[in-house]
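Okay, so here's the structure we're looking at.
The values are calculated or read from the model by the stated rules, or taken from the named source; none is laboratory data. Keep in mind that what you see is a predicted model, and the values were worked out from it rather than measured. Glycine also receives a Cβ, built like all others from the backbone with ideal geometry; neighbour counts cover every protein chain displayed. These area figures cover heavy atoms from the full protein model, side chains too; ligands, DNA and RNA do not enter into them. Shrake-Rupley method; radii C 1.70, N 1.55, O 1.52, S 1.80 Å.
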Amino acid sequence: MSRAVIDEALRLIDGDRAKDYGNASVNMAHIAERWNQLLSLDQLPTTQWIQPWQVCAMMIDLKVARLAQGYKHDTAVDIIGYAALMAEIVGDEDDGTERP
């Protein structure tokens, strides 16, 4: 993998995207809240709600689905960016615990 692609993704999430959308953790939490409302998950007390880190995972999945149409550089950059944000949201500590 090209280090330039990784650097581009990190520049975007730390630069333009941060300016446009604010703190990524807060933004992903807002998206998770909206998706929980849209799917009425917030009305079901026994249902596990969508978590902010899962928003990143679902956005990665969306980008992977788009790759079925062919490779696009910005899709690769976005996948790397969402993966980096997911790690940031969960935290750098890796205690081996699976997240629900």
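Selection of first residues in region 46-61 that are without any contact (Cβ under 8 Å) to a residue 60 or more places away in the chain and of second residues that are outside any helix (DSSP H, G or I) and surrounded by 15 or more Cβ atoms within 10 Å (Cβ to Cβ), restricted to Cβ pairs under 9 Å at least 6 apart or on distinct chains, gives the following pairs, ordered by first then second residue: M58/I50. Out of R17, R34, one residue alone is open to solvent by 70 Å² or more (accessible area, probe 1.4 Å) and either modelled with pLDDT of 85 or more or of a type in the set (V, I, T) (or both). It is R34. Reported count of residues in region 32-64, each being small (G, A, S) and over 21 Å from A83 (Cα atoms), is 1.
Within region 1-28, if we keep just the residues that are among the small types (G, A, S) and touching a residue at least 24 places away in the same chain (Cβ under 8 Å), the residue that is farthest from W53 (Cα to Cα) turns out to be A9. Restricting to region 39-63, name every residue that is among the β-branched types (V, I, T) and open to solvent by less than 40 Å² (accessible area, probe 1.4 Å). Of everything in region 39-63, those that are among the β-branched types (V, I, T) and open to solvent by less than 40 Å² (accessible area, probe 1.4 Å) turn out to be I50, V55, I60. The criterion of at least 3 residues that are within 16 Å of the chain's Cα centre (by Cα) and of a type in the set (A, V, I, L, M) is met, among helices (runs of 4 or more DSSP H) falling completely within region 1-92, by 3-14, 24-38, 52-66, 73-90.
The residues of region 64-77 that are open to solvent by 30 Å² or more (accessible area, probe 1.4 Å) and not small (G, A, S), listed by number, are V64, R66, L67, Q69, Y71, K72, H73, D74.
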